[in-house]
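Data first, discussion second: the structure below is written as structure tokens.
The values are calculated or read from the model by the stated rules, or taken from the named source; none is laboratory data. Source: prediction; values computed, not measured. Every residue, glycine among them, receives a Cβ derived from its backbone with ideal geometry; neighbour counts consider all protein chains shown. Keep in mind that these areas ignore ligands, DNA and RNA; they rest on the heavy atoms of the full protein, side chains included. Shrake-Rupley method; radii C 1.70, N 1.55, O 1.52, S 1.80 Å.
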Amino acid sequence: MPERRADLRVERAGAVATVTLDRPDALNALTVPLKEALLAAFQDLAGDDGVRAIVLTGAGRAFCAGQDLRERLEPDALPLDDEIRTRYNPLIRAMCGLPKPIVGAINGVAAGAGASLAFACDVRIAADGASFLLAFGRVGLIPDSGATWLLPRLVGGAKAAEMALTTEPLSAAEAERLGLVARVVPAGDVVAEAQTIAARLAGLAPTALALTKQALAGTWQRSLDEQLELEAELQGRAGTTADHAEGIDAFLARRSPAFRGD
Ligand code: T3D
């Protein structure tokens, strides 16, 4: 039975939770209730031992069209800097810091902060008709919600600058060529494909996955020496888990490991 909060659906199947932005008539544009529901969902899933991997997708033909521009006209809308600090930045921090992998099923256009949500996923699968669009400049804004940090690290500075300044969309095929998405599949298969990858991730050792995310986060800020030291520290922690012992035992016994997350 799906859980529903505002315009968000959360469905669990085994150790995989699928989170769906569900405002298809507005291309899943982000309202205050939707942003709050999404942050709450990530916080809940982070602490839920029964969930080991998450799929993020959108209902209908779009992944997410970014900030709901109609909502910006409401008299009680926060100034942009407050809105970003209060609602967008915590969301991106929650996703990047979540100790579980997030697989983005990019089912259609990902525009504005919707593109930022896609960039904050750990792995992205795109539908063949999907696109990434830094639409901010079209409404007189700058890319936010981590786009200016995440995108250059994902596709390189030159392509990120082109996308940010021209606001030209990047097709799914080009995103695959650049490595921004792992795979492009027919639109009808994108969620199932992402769920298959998430299920595979859910079968791996959860602590090792969490520590791998930690090692990769911020790698561009650290020197080689700092990164080597961080790897040593995190590997020390992974090495004390029962799952590491189980992995060796299973390898030597030529059986599949049963990782329990301890
Ligand atoms: O709080 C803050 O403002 C700061 C944070 C900012 C972060 C941001 O995300 S700023 C960028 C906001 N997003 C955009 O500027 C994208 C706006 N949307 C588009 O450019 C286009 O809709 C798309 C390129 C994404 C898709 O185009 P198309 O032709 O396939 O669809 P459409 O006809 O434009 O949209 C379909 C419906 O969705 C339409 O509603 P209607 O006329 O059928 O009732 C349209 O108004 C609605 N919609 C699409 N995007 C938004 C939206 N409604 C509200 N906000 C949207 N962002």
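Yes or no: VAL190 touching a residue at least 40 places away in the same chain (Cβ under 8 Å), surrounded by 15 or more Cβ atoms within 10 Å (Cβ to Cβ) and not in a helix (DSSP H, G or I)? First the steps, then the outcome.
Details: touching a residue at least 40 places away in the same chain (Cβ under 8 Å): yes; surrounded by 15 or more Cβ atoms within 10 Å (Cβ to Cβ): yes; not in a helix (DSSP H, G or I): no.
Judged against the criteria, VAL190 is not a match.
Set side by side, the residues ARG87, ARG5, ARG72 differ, and just one is of a type in the set (D, E, K, R) and modelled with pLDDT of 95 or more, which is ARG87. Considering only residues in the range 74-109 that are in contact with a Lys or Arg (Cβ under 9 Å, 6 or more places away or on another chain), aliphatic (A, V, I, L, M) and within 22 Å of LEU133 (Cα to Cα), the one that is farthest from the ligand (Cβ to nearest atom) turns out to be VAL103.
Within the range 28-73, restricting attention to residues that are more than 19 Å from CYS121 (Cα to Cα) and near the ligand (Cβ under 7 Å from one of its atoms), the residue that is surrounded by the fewest Cβ atoms within 10 Å (Cβ to Cβ) is ARG70.
If you go through the range 208-226 and keep only what is more than 21 Å from ALA118 (Cβ to Cβ) and open to solvent by less than 50 Å² (accessible area, probe 1.4 Å), you end up with ALA208, ALA210, LEU211, ALA215. Taken as a whole, the range 229-239 holds no residue that is among the aliphatic types (A, V, I, L, M), in the same structural domain as GLY60 (by TED's automatic domain parsing) and part of a helix (DSSP H, G or I).
Every condition in (1) surrounded by 16 or more Cβ atoms within 10 Å (Cβ to Cβ); (2) within 30 Å of GLY140 (Cα to Cα); (3) of a type outside the set (S, T, N, Q) holds for ARG85 except the one numbered (1).
Could you pull out the residue among ARG260, ARG255, ARG183 that is open to solvent by 80 Å² or more (accessible area, probe 1.4 Å), within 25 Å of the chain's Cα centre (by Cα) and more than 23 Å from GLY97 (Cα to Cα)? Among ARG260, ARG255, ARG183, only ARG183 is open to solvent by 80 Å² or more (accessible area, probe 1.4 Å), within 25 Å of the chain's Cα centre (by Cα) and more than 23 Å from GLY97 (Cα to Cα). Listed by position, the helices (runs of 4 or more DSSP H) enclosed by the range 118-187 that each have at least 1 residues that are within 13 Å of the ligand (Cβ to nearest atom) are 147-155, 157-166.
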